[in-house]
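Here, each number is a calculation from the coordinates, and none is a lab measurement. Note that this is a predicted model, so its numbers are computed, not measured. Here the Cβ positions follow ideal geometry from the backbone for every residue, glycine too, while neighbour counts run over all protein chains shown.
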Amino acid sequence: MHNTWIALDAAARRKNWWWTGYLTAIFGGLGVAVALTETDERFWWVFSVSICWLLSVIYMINRGYGRTLLTSDRIVFRTFISRRSIPWGEIVNIEKRRHQTRSGEWWDLRIVRMRGRSLAIPGAFSGRPDDAAFEEKFTLIREYWTRSARTE
């Protein structure tokens, strides 16, 4: 099989940026509210809010621009802050995982390694349960995985 990239399309990345902006507005409002309060530890509160905001933005950028390369012998994760290559032989399962919060739910794809550790697959998540592109990515990854198991 030829190498295939899995990533979010332009519309999904744009939506991710809108959510990042929304998150920034919330943290900005919280930071201003904390900065305007009269307390001796105001610096530490503003510092803590700023660190939480920075970690959240890094997570959102990492999630939005992460990509996965599927090759005949391995899966390669490329994100904003890391690179990882895992041979297909070390993978025991590929699963869809549902995450639910008060404000909504989302799905992502994960690989489960031999030692039981699961890793999120960059470029493969959705906020809708019936997303055809998400299902297509899931099917494609499982196809690469099953084909590699037959050749080993």
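Quick notes
- Here the residues 79, 24, 39, ranked from fewest to most Cβ neighbours within 10 Å of their Cβ, fall in the order 39, 24, 79.
- Label assignment, percent of Cα pairs over 24 Å apart derived from the structure, set (1) 28; (2) 34; (3) 43: (3)
- Cα-based shape type of region 107-151, given that a ≥ b ≥ c are square roots of the gyration tensor eigenvalues and the cut on a/c is 1.5: oblate
- Farthest positive-ward along the chain dipole, Cα basis, beta-carbon charges - from 69, 3, 138: 3
- Calculated mean residue ellipticity at 222 nm for the chain: -16500 deg cm²/dmol, from DSSP H runs with n ≥ 4 weighted as -39500 (n - 2.57), summed, divided by the residue count and rounded to 500.
- Long hydrophobic helices in the chain, taken as whole DSSP H segments with a C-alpha length of 15 Å or more on their own axis and mean Kyte-Doolittle hydropathy at least 0.0: 10-36, 42-65.
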